[in-house]
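Okay, so here's the structure we're looking at.
Coordinate-derived values only; no laboratory data. Owing to the predicted nature of the structure, the values given are computational and were not obtained by experimental measurement. Positions of Cβ are generated from backbone atoms using ideal geometry, with glycine treated the same way; all protein chains shown enter the neighbour counts.
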Amino acid sequence: MYEGVVQDLIDELGRLPGVGPKGAQRIAFHLLTSDPADVTRLAEVLVQVKEKARFCERCFNVSQDALCRVCADPRRDRSMICVVEEPKDVAAVERTREFRGLYHVLGGAISPMDGVGPQDLRVAELMQRLSDGEVTEVIIATDPNIQGEATATYLSRFLKDLGLRITRPASGLPVGGDLEYADEVTLGRAFEGRRAVGA
């Protein structure tokens, strides 16, 4: 529709999740009319994030170092692990200021329609973390949708013989929603009122 690099920019922006054709066009024209220094700064940050950002070698949260700030913090309660689907969910839970334990990022949720099974998630790495006996509670905080519930059911069955307290955030999170979009109060109350799984 547009010529050369402008159309290339719109096409690339349109490949981003949550950005449709009209949104891509709006962003492209915003960048075209922006101060060149702002666009250069954005381009530099994009390059830097690919060069410097990585995943924590323990919990798989986003980090700039071998361990993320949560895993590296000696004040965190190491007896609890909150299992989430994606790094964005760690940020959502942290905003509540209700949880002081550690995290484990699965890297997705079970979704047979998308060809994602338990073997595609970081379940083996979770089992390795639980093997030292320090953890007494696993909070399964997957999204309250079909895929998240399937993942929670699988994990609770998989972990039930380890003698751990297995919990799930309480009601307050909308079914069919995503954890990252829940407000702090709702998510905080859900964590305060979490319930045992399979009880």
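Remarks
- Overall Cα dimensions of segment 4-52, principal axis frame, Å, largest first: 30, 24, 19
- The modelled label-to-label distance between V45 and A124, using points 7 Å beyond Cα along the C-beta direction, is 3.7 nm.
- Among G163, G148, G108, residue whose mean-square fluctuation peaks in a GNM of the chain (springs only between Cα atoms under 10 Å): G163
- Inter-label distance, nm, simple model (7 Å from Cα along the C-beta direction), D77/A91: 2.5 nm
- Those residues of segment 1-26 whose amide nitrogen sits under 17 Å from the label point placed on L32, 7 Å along Cα→Cβ: 1-14, 21-26
- Relative contact order, percent, the chain [alpha-carbon distance under 8 Å, six or more residues apart]: 16 percent
- Selection from P21, A72, G176, by position along the positive dipole direction of the chain (Cβ): A72
- Note on segment 77-142: Cα-Cα pairs beyond 19 Å make up 33% of the total pair count.
- Annotation: amide H of C82 within the under-5 Å range of L102, Y103, H104, I139, sequence separation 5 or more or interchain, hydrogens built in the peptide plane.
- Segment 1-64 and segment 113-170 have Cα centres separated by 33 Å.
- Quarter the surface of the alpha carbon convex hull of the chain and you get the mean projected area, 13.9 square nanometres.
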